[in-house]
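Participant: Quick one: the structure is below, questions incoming.
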Amino acid sequence: MTHTPQPLLSHQSGPLSGDVTPPGDKSISHRAVMLGGIAEGTTTVRGLLEGEDVLCTIAALKVLGATVTREADVWRIVGTGLAGLKEPSGFLDMGNSGTAARLLIGLLAGRNFTSFFTGDASLRKRPMGRVITPLEPMGAQFVSRAGGKLPLAVTGAAMPQPVVYRLPVASAQVKSAVLFAGLSASGITTVIESAPTRDHSERMLRHFGATVTVAPTPDGAEAISVTGQPRLVGQSIIVPADISSAAFPMVAAALRLGSKVTLRNVGTNPRRDGLIRTLLEMGAKITLGNPREQSGEPVADLTIEGGVLKGITVPAARAPSMIDEYPVLAMAAACAEGTSRLCGLGELRVKESDRLALVADGLKACGAAVVIEGDDLIIHGNGQPPQGGATVETAMDHRIAMSFLVLGTATPKPVRIDDGSFIATSFPCFVALMNGLGANIRP
Ligand code: S3P
């Protein structure tokens, strides 16, 4: 997708109020399209995120042979069957999306043809070695740029071998890539993770008919196994609203005394709910109404009331359950009373941008007191929002852009971001939704 830089300015607003449904979950949307694309028969998806990242996955699955159409608000995917995927005749361009790239590389590592992957300037800087390492022993062959960067070519294994792979970093993308390659193997492929990461792949594989088991290991980790060559059958899926997108109105409301915002149908998977737990510990008023299950995922309606937040220490062990929410949590911490220490954020350096550096630099530019110590981010708040009045660099990163626009709803002087165009990768209606709640975000 081509992006024309789109500077945005967020002015201080009054309290936020309203009742809205944030867009569909990005992680679940990618997986629904991929598994629908390789299942036999038709999959229907409601609530699919129509952000650029997921549109890249849809475009790729079409090139690989699936039929994907939209009728009213329902996406219909006619799958190829795993064996029916066909060699793409051109590059698979994954745009800005690490999830699309890594999960599809995994899936195609088990198919015996050659696929060429590329992405935008942000994605081409991100490490793919972390999926190449476990996929090579399964029989896939790779040619990539130095350091395992895109563009890369993968020739899938003729006879994919099942492996047992222990994740060296807590990454749901790497776990999913290996499990997706394992679908083509004869036998059982196992991923061992010592920190629990989001389990949407496991849940959705089961939903489509695969056998996925989870067992504790003697050292307290978890072994997740998928039985190869399952018969995957088309399903009907309702995608919950994305808690990682809900995070922006959630924090904006929590920061402003007098706010009351309800966010409907939000995914509350216990491996994704770290931000809710953390905001509650900071003193935020959040209630979960009508908890229920939808297509194998827990969802609820969240109501957030504004108040005074206090600083907090977030342990490193919580990072996988809120890895995408640290930028916006940092905005809350900058407005809170007291010091916050967000620990173990090394993985933020390899997201769509170096989020650790950009959050620290942007907050400093807005007048907050921030230091990075090793992999920890320390933010000294005084109970008041920082001054604002700065232009923040966003480096093709949607979550950096939205986080600083949230900060601007509270700061006395407006916060300007250099480019809001990448917000369309995950939350195309962000500005309209936030302004509908009472924010004042303008070009
Ligand atoms: C994702 C996993 C996380 C997250 C990303 C989505 C997924 O990445 O940051 O936005 O859908 O599996 P890592 O696996 O690199 O932690």
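The values are calculated or read from the model by the stated rules, or taken from the named source; none is laboratory data. These numbers were taken from a predicted model, which means no experiment stands behind them. Side chains included, ligands, DNA and RNA excluded: accessible areas come from the protein's heavy atoms. Shrake-Rupley method; radii C 1.70, N 1.55, O 1.52, S 1.80 Å.
Participant: Convex hull over the Cα atoms of the chain, averaged projected area in nm²?
Facilitator: 18.7 nm²
Participant: Under the 0.36 nm per residue contour assumption, what length would be gained going from the current alpha-carbon distance of Arg231 and Lys62 to full extension? Don't skip to the answer; put the middle values down first.
Facilitator: Working: separation 169, 0.36 × 169 = 60.84 nm, distance 2.05 nm.
Length gained between Arg231 and Lys62: 58.8 nm.
Participant: With every protein chain present, what is the per residue accessible area of the chain (1.4 Å probe, Å²)?
Facilitator: Here the residues of the chain average 34 Å² of exposed surface.
Participant: Can I ask one more? Within the P(r) computed for segment 140-183, what percentage of the Cα pairs occupies the region above 16 Å?
Facilitator: Tail of P(r) above 16 Å: 51 percent of Cα pairs.
Participant: Rounded, prolate or oblate: pick one for segment 1-51, where a ≥ b ≥ c are the square roots of the eigenvalues of its C-alpha gyration tensor, a/c under 1.5 means rounded, and failing that, prolate if a/b is larger than b/c, else oblate.
Facilitator: oblate
Participant: Determine which lysines satisfy two conditions relative to Lys310: a Cα distance under 29 Å, and not lying fewer than 8 residues away in the same chain.
Facilitator: List returned: Lys260, Lys285, Lys351, Lys364, Lys413.
Participant: Using only the alpha carbons, work out the radius of gyration and Dmax of segment 285-443 in angstrom.
Facilitator: My reading of the Cα-based Rg and Dmax gives 15.7, 45 Å.
Participant: Which three semi-axes in whole Å describe the equivalent ellipsoid of segment 1-159, each the square root of 5 times a Cα gyration tensor eigenvalue, listed largest first?
Facilitator: Each semi-axis is the square root of five times an eigenvalue, giving 30, 22, 13 Å.
Participant: Take the eigenvalues of the Cα gyration tensor for segment 210-340, scale each by 5, and report the square roots as semi-axes in whole Å, largest first.
Facilitator: With the √(5λ) rule applied to segment 210-340, the semi-axes are 32, 20, 10 Å.
Participant: Could you work out the relative contact order of segment 49-100? I mean the mean sequence separation of Cα pairs under 8 Å and 6+ apart, divided by the number of residues, in percent.
Facilitator: 42 percent
Participant: In straight Cα distance, which aspartates and glutamates are under 18 Å from Lys175, not counting same-chain residues fewer than 8 positions off?
Facilitator: Glu136, Glu193, Asp199, Glu202, Glu222, Asp324, Glu347
Participant: Run through the DSSP bridge list for the chain and note the antiparallel percent, rounded to the nearest 5. Intermediate values should be presented prior to the final figure.
Facilitator: Values: 62 of 82 bridges.
Counting only bridges with both partners in the chain, antiparallel ones make up about 75 percent.
Participant: Based on the alpha carbons, how large is the Rg to Rh ratio for segment 210-258 when Rh follows Kirkwood?
Facilitator: For segment 210-258, the value is 1.26.
Participant: Here's a follow-up. Convex hull over the alpha-carbon atoms of segment 367-443: what's its volume per residue in Å³?
Facilitator: Measuring per residue, one finds 108 Å³ for the Cα hull of segment 367-443.
Participant: So, one more: Translational diffusion coefficient, Stokes-Einstein: compute it for segment 328-408 using the Kirkwood radius over C-alpha pairs as Rh, at 20 °C and 1.002 mPa s, and state it as an integer in µm² s⁻¹. Numbers along the way, then the final one.
Facilitator: Details: Rh = 12.4 Å.
The Stokes-Einstein estimate is 173 µm²/s.
Participant: So how much slack lies between Asn440 and Val164, counting 0.36 nm per residue of separation and subtracting their Cα-Cα distance, in nm? Intermediate results must be reported in sequence, preceding the final value.
Facilitator: On the way: separation 276, 0.36 × 276 = 99.36 nm, distance 5.10 nm.
That pair, Asn440 and Val164, stretches by 94.3 nm at full extension.
Participant: Can you give me the Cα centroid spacing of segment 281-319 and segment 168-201 in angstrom?
Facilitator: So the two Cα centres are separated by 27 Å.
Participant: Grab the eigenvalues of the alpha-carbon gyration tensor for segment 109-149, scale each by 5, take roots, and send me the semi-axes largest first in whole angstrom.
Facilitator: Sorted largest first and rounded, they come to 19, 12, 7 Å.
Participant: Report the percentage of all Cα-Cα pairs in segment 123-220 whose separation exceeds 22 Å, rounded to a whole percent.
Facilitator: Result: 31 percent of Cα pairs exceed 22 Å.
Participant: What angle do you read, to the nearest 10 degrees and between 0 and 90, between the alpha-carbon axis of helix 355-365 and the longest principal axis of the chain?
Facilitator: 20 degrees
Participant: Of Pro249, Pro168, Pro88, which is the most mobile in a GNM of the chain whose springs link Cα atoms less than 10 angstrom apart?
Facilitator: Answer for the Gaussian network model of the chain: Pro168.
Participant: What percent of all Cα-Cα pairs in segment 284-353 falls into each 10 Å bin, going from 0 up to the bin containing the maximum distance?
Facilitator: Going out from 0 Å in 10 Å bins, segment 284-353 shows 17, 37, 35, 11, 0 percent.
Participant: Over segment 64-147, how many percent of alpha carbon pairs lie in each 10 Å bin up to the one with the longest distance?
Facilitator: 15, 45, 31, 9, 1
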